């Protein structure tokens, strides 16, 4: 039945509502998840469930709703009238495992779509159980990999898909979390931190490059570590875990190298794109600016995007910069359309958790990622190119790793381009 609601401009709208129940009334839901839902006019929270009923009641009151409070998930579902459920719970006190699988499975089997916060499970088997429950109930779930939905990561994906970027060759991801001495030990504080944070990194990698096929972990006794990723299509990547950096430094940085172009994203918001170009020949160029040609206009150079905080725009708020709103918008749209989400469904969650599962084990050893093809790369040694000096006619020889020189007249040229540089007759270097 249509209801009257307020839109973002304070206008009165008449819409068919999407009625949402919320499971888990903790601080994270209060600060980040529920405010994002409230930015979607047609999404109406009609029920709150928590082990402490009084918290559920206070949630409803503080949000200014007449929602019903519950302390049991089945009781909330039995009441009926829910189009979807948002689940934001924590870790089991004894095992340290995320509580999502047993809670989410119950809801999915009742045929109700679920949005669940990350990490979705302790391992890929927990995700598979939820997928089986979704199939049984004829519904779907979306996992809260917010960074995949952030505007900057979305634009980064568009940039690297451009033909001028060329095939991605490598990436380097730096993130502020320590590598535990025993990955997968969720009774350990560092093990739980790693699971909670590394899913952010893993979900972005999966979205932009696909899952790695083979991985290796390297760890210092200090907790600093590196994850080495090899993808079946030849992409190589590193994840640098630097928990001892200054607390004033950016939390994360991602750099992607294509074939002649590159891009970087710092702190999830400051995006730079470096299109194909050159600053001129090495050693003799007299300007740091790219030369202007028919193919290289005067404005050729890096492009920079960053948030704007001076005006009262929504896009400057953390809910929008980090992707909280965008993921909830996508979930509500999927619920209203009755179709699984295009991003961050349980299929993506299974790939992410299979990647994390592969990190469990001894350091300094390569391990395959389940479900990914074998890596069988060949490596070819490059041979010197053949050039003749236009003045002497003599074959030019390799001068260093980049340039070739005529040993008669000293003329040099690049092996990477057609540029030739006359250094003067008789000059030898």
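Taken as a whole, the condition of being surrounded by 15 or more Cβ atoms within 10 Å (Cβ to Cβ), more than 30 Å from residue 257 (Cα to Cα) and either more than 16 Å from the chain's Cα centre (by Cα) or assigned by TED's automatic domain parsing to the domain that holds residue 114 (or both) applies to residue 334.
The rows are residues; the columns are (1) in the same structural domain as residue 405 (by TED's automatic domain parsing); (2) surrounded by 12 or more Cβ atoms within 10 Å (Cβ to Cβ); (3) out of contact with any helix residue (DSSP H, G or I) (no Cβ under 7 Å at 6 or more places or on another chain).
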position: 261; (1), (2), (3): no, yes, no
position: 264; (1), (2), (3): no, yes, yes
position: 276; (1), (2), (3): no, yes, no
position: 280; (1), (2), (3): no, yes, yes
position: 284; (1), (2), (3): no, no, yes
position: 289; (1), (2), (3): no, no, yes
position: 292; (1), (2), (3): no, no, yes
position: 299; (1), (2), (3): no, no, yes
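Taking the residues in the stretch 377-398 that are touching a strand residue (DSSP E or B) at 6+ places or on another chain (Cβ under 9 Å) and closer than 30 Å to residue 234 by Cα as candidates, determine which candidate is surrounded by the most Cβ atoms within 10 Å (Cβ to Cβ). If you could, list the steps in order and put the result at the bottom.
Going residue by residue through the stretch 377-398, those that are touching a strand residue (DSSP E or B) at 6+ places or on another chain (Cβ under 9 Å) are 377, 384-390, 394-398.
Add one more test, that the residue is closer than 30 Å to residue 234 by Cα, and what stays is 377, 384-386, 398.
Details: 377: 10, 384: 10, 385: 11, 386: 8, 398: 14.
So the residue we want is 398.
Residues of the stretch 367-390 that are in contact (Cβ under 8 Å) with a residue 60 or more places away in the chain and in a loop (DSSP other than H, G, I, E, B): 369, 370, 371, 372, 373, 374, 375, 377.
Considering (1) under 12 Å from residue 355 (Cα atoms); (2) assigned to a helix (DSSP H, G or I); (3) in contact with a helix residue (DSSP H, G or I) (Cβ under 7 Å, 6 or more places away or on another chain), the lone condition that residue 201 does not fulfil carries the number (3).
Scanning the stretch 17-58 for residues that are assigned to a loop (DSSP other than H, G, I, E, B), over 18 Å from residue 68 (Cβ atoms) and out of contact with any helix residue (DSSP H, G or I) (no Cβ under 8 Å at 6 or more places or on another chain) yields 26, 41.
When the stretch 30-54 is examined, which residues are found to be without any contact (Cβ under 8 Å) to a residue 60 or more places away in the chain and surrounded by 18 or more Cβ atoms within 10 Å (Cβ to Cβ)? Can you show your working first?
So the first thing to find is which residues in the stretch 30-54 are without any contact (Cβ under 8 Å) to a residue 60 or more places away in the chain, and the list is 30-31, 34, 38, 41, 44-54.
Scanning the stretch 30-54 gives 34, 44, 45, 46, 47, 48, 49, 50.
Taking (1) more than 13 Å from residue 49 (Cβ to Cβ); (2) touching a helix residue (DSSP H, G or I) at 6+ places or on another chain (Cβ under 8 Å); (3) touching a residue at least 24 places away in the same chain (Cβ under 8 Å) in turn, residue 66 satisfies each apart from (3). Is it the case that residue 218 is more than 15 Å from the chain's Cα centre (by Cα) and either in a helix (DSSP H, G or I) or within 15 Å of residue 361 (Cβ to Cβ) (or both)? Yes: the conditions hold for residue 218.
Checked against the criterion of being in contact (Cβ under 8 Å) with a residue 40 or more places away in the chain, surrounded by fewer than 17 Cβ atoms within 10 Å (Cβ to Cβ) and over 27 Å from residue 184 (Cα atoms), the candidates 81, 90 yield just one match: 81.
Conditions (1) part of a helix (DSSP H, G or I); (2) more than 14 Å from the chain's Cα centre (by Cα); (3) under 30 Å from residue 377 (Cα atoms), marked per residue:
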| position | (1), (2), (3) |
| --- | --- |
| 152 | yes, no, no |
| 174 | no, no, yes |
| 178 | no, yes, no |
| 183 | no, yes, yes |
| 208 | yes, no, yes |
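Residue by residue, here is whether (1) surrounded by fewer than 19 Cβ atoms within 10 Å (Cβ to Cβ); (2) without any contact (Cβ under 8 Å) to a residue 24 or more places away in the chain; (3) within 30 Å of residue 308 (Cα to Cα) holds:
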| site | (1), (2), (3) |
| --- | --- |
| 94 | yes, yes, no |
| 103 | no, no, no |
| 115 | no, no, yes |
| 119 | no, no, no |
| 127 | no, no, no |
| 135 | yes, yes, no |
| 138 | yes, no, no |
| 146 | no, no, yes |
| 156 | no, no, yes |
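Here residue 13 passes the criteria (1) within 18 Å of residue 331 (Cα to Cα); (2) in a strand (DSSP E or B) except the one numbered (1). Among the criteria (1) crowded, with 16+ Cβ neighbours inside 10 Å; (2) at pLDDT 95 or above; (3) within 26 Å of the chain's Cα centre (by Cα), the one residue 319 does not fulfil is (2).
Of 204, 168, 199, all but one fail to be within 23 Å of residue 245 (Cα to Cα) and touching a strand residue (DSSP E or B) at 6+ places or on another chain (Cβ under 8 Å); the exception is 204. The set of residues in the stretch 255-274 being within 30 Å of residue 415 (Cα to Cα) and at pLDDT 95 or above consists of 255, 256, 257, 258, 259, 261, 262, 263, 264, 272, 273, 274. If we scan the stretch 5-21, do we find a residue that is crowded, with 20+ Cβ neighbours inside 10 Å, closer than 18 Å to residue 143 by Cα and in contact with a strand residue (DSSP E or B) (Cβ under 6 Å, 6 or more places away or on another chain)? Checking the stretch 5-21: at least one residue is crowded, with 20+ Cβ neighbours inside 10 Å, closer than 18 Å to residue 143 by Cα and in contact with a strand residue (DSSP E or B) (Cβ under 6 Å, 6 or more places away or on another chain).
The values are calculated or read from the model by the stated rules, or taken from the named source; none is laboratory data. These numbers come from a predicted model, not from an experiment. Every residue, glycine among them, receives a Cβ derived from its backbone with ideal geometry; neighbour counts consider all protein chains shown.
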